[in-house]
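The values are calculated or read from the model by the stated rules, or taken from the named source; none is laboratory data. If you're wondering where the values come from, they're calculated on a predicted model, not measured in any experiment. All Cβ positions, glycine included, derive from the backbone under ideal geometry; neighbour counts span all protein chains shown.
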Amino acid sequence: MDELSIMTSPLLWTLVAIQIAMGGFDVLFHHEITERLAWRPSAANELRLHAVRNFFYAVLFAAFAWLQPAGWLALLLIAIMIAEIVITLADFVEEDMTRKLPATERVLHTLLAINYGAILALIGPEIAGWSAAPTGLHAVSYGWGSVLLTAAATGVALFGLRDIYTSRRAARYFPPQPVALDDVLAGPARSILVTGGTGFIGRGLVEALVAGGHDVTVATRDVARAAGLPTPLRLVTRLDDIPACARFDAIVDLAGEPVAGGLWTSRRRRAIVASRLRSLAAIARLMQRLETPPAVLIKASAIGFYGLRGDDMLTEADAAGPVSQFAVRSCGIVERATLRAASRHRVRAVNLRIGLVLGRDGGLLGRLLPVFDLGLGGRTGSGAQWMSWISQRDIVRLIAFAIAHDDLDGAVNASAPVPVRNRDFASALGQALRRPAVLPLPAAPLELALGDFARELLTGGQRVLPAKAMASGFRFRDPEIESALRTVIEGVASAVDAPRKASVPASSPQPAE
């Protein structure tokens, strides 16, 4: 067999192409998009390991693309391969310590390891033969294989540089701080029941309430997802397990199938509405059993209630949009059910019509950050549609404000006082990230692929004003999009959001099981 026989083998180059494709998918889909490692303070070490491994890969790909090393240079190549394996093992340990890998990532890592082992089995003897020859570098070319390896070397080198940058950025971030509620939920500690407490908004609310010294009960069917919630708090898996003697000052219902996330099929539409009505029905049964009903029931609704209304400025005094739109219809069904359940037990009801919630760890911004951070963001559709938004800390504060203020009832718009057009939002996000935001996402293919979901939530919008909240005295910490995005993206803990325990001790725990 001549010295280039293995390096010209179609099997080898097929395995190499598969390895590059799987590795690229892992980086883009898992690391950048779904796991968003670049935005996790806990991922700084993992990103450093990725940077080192990427530079090792860049050297290996570039060397194999055009050169055949011999003698001690071949031994150096073997040493780099061994070092890459050590780095990968260290990365596995770091991942297990800092995050729970999704099943797809675990499977892909296994496939990458198997495929890499097959590549090493093929080229190992060849490189060993090179190491026995006199030291030197010989120019070679493998046609499209050399081009593929050159492109891969360039890609991993660029991502290595990005990993260095993002690891330093992540290390600067403060861990998310609980939102301070002193100015909106003053006075004695409350006993509060939260459903949906493991979601994006719910987790922030629970953390803030616990940090404020309030007595919190979280109802969740997924105990594993509640593992990271702060203590002390009480977990229940069924509201029916809460005894009649339990006392709650407020019930906050955030439970329900996510509205965003894909095509609104008939089955998904039914699931979205049914999940919210099931949660309300369980709360109604609980209020029926409680010896002392809560003072207020707060239910999550959405600004989709108003439908697509162009440039109209919408307040709580405005009627619902056309029922032909799913968001209008579903919000109306849930809001009416909330009012009926609350009035039956003489409980104050608040339907929070929530806008687009902005936070680094989830919601709309969580999905957009990886795209804009890579310089691939821009307006959606025409960019003229309105975006009524609210920062995560302000939605948490508004919920707490609604608990404390007896004069606030019925529909309450939970959106910042300065809505913006989509093109202005994209520009502000690009500026906050110091990235260009000039790549538009055309409306036609989006609406063709996602139908009503795209038309109602992505290429359409509402211009909503929080009239009732502001009339009741609520003051937004993040009223304008530019400063809100800077605060969220820079990840700097504000002094006003440092966790402060309430001066009044929490009430004694009530039995919940």
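Odds and ends about this structure:
- One residue stands out in the stretch 5-21 among those that are farther than 9 Å from residue 123 by Cβ and not in a helix (DSSP H, G or I): the one that is farthest from the chain's Cα centre (by Cα), namely 5.
- Within the stretch 238-266, tally of residues that are over 24 Å from the mean Cα position of the chain (by Cα), closer than 28 Å to residue 346 by Cα and of a type outside the set (Asp, Glu): 11
- Selection of the stretch 365-421 for residues being buried (at least 19 other Cβ atoms within 10 Å of the Cβ), among the β-branched types (Val, Ile, Thr) and over 18 Å from residue 456 (Cβ atoms) yields 390, 395, 396, 399, 403, 412, 420.
- Qualifying positions in the stretch 75-109 - in contact (Cβ under 8 Å) with a residue 40 or more places away in the chain and of a type in the set (D, E, K, R): 91, 94, 95, 99, 105
- Scope the stretch 323-376; condition within 17 Å of the chain's Cα centre (by Cα), over 24 Å from residue 267 (Cα atoms) and of a type in the set (Gly, Ala, Ser); matching residues: 355, 359, 362, 366
- Identity of the residue in the stretch 189-235, of a type in the set (Val, Ile, Thr) and surrounded by fewer than 18 Cβ atoms within 10 Å (Cβ to Cβ), that ends up farthest from residue 99 (Cα to Cα): 231
- Scan of the stretch 59-69 for residues that are in a helix (DSSP H, G or I) and either surrounded by fewer than 20 Cβ atoms within 10 Å (Cβ to Cβ) or not assigned by TED's automatic domain parsing to the domain that holds residue 145 (or both), ordered by number: 59, 60, 62, 63, 65, 66
- Only one of the listed residues (268, 276) is modelled with pLDDT of 95 or more and closer than 30 Å to residue 449 by Cα. That residue is 276.
Matching residues to (1) at pLDDT 90 or above; (2) among the acidic types (Asp, Glu); (3) in contact with an Asp or Glu (Cβ under 8 Å, 6 or more places away or on another chain); (4) within 19 Å of residue 310 (Cβ to Cβ):
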| site | (1), (2), (3), (4) |
| --- | --- |
| 426 | yes, no, no, no |
| 429 | yes, no, no, no |
| 452 | yes, yes, no, yes |
| 485 | yes, no, no, no |
| 501 | no, no, no, no |
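- The stretch 188-208, subset without any contact (Cβ under 8 Å) to a residue 60 or more places away in the chain and more than 19 Å from residue 261 (Cβ to Cβ), residue nearest to the chain's Cα centre (by Cα): 197
- Residues satisfying the stated conditions in the stretch 445-477, i.e. among the polar types (S, T, N, Q) and closer than 14 Å to residue 398 by Cα: 472
Condition check ((1) closer than 30 Å to residue 451 by Cβ; (2) part of a loop (DSSP other than H, G, I, E, B); (3) in contact with a Lys or Arg (Cβ under 8 Å, 6 or more places away or on another chain)) across all residues:
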site	(1), (2), (3)
246	no, yes, no
284	no, no, yes
293	no, yes, yes
305	yes, no, yes
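- Any hit, the stretch 14-26, residues being of a type in the set (Asp, Glu) and at pLDDT 95 or above: yes
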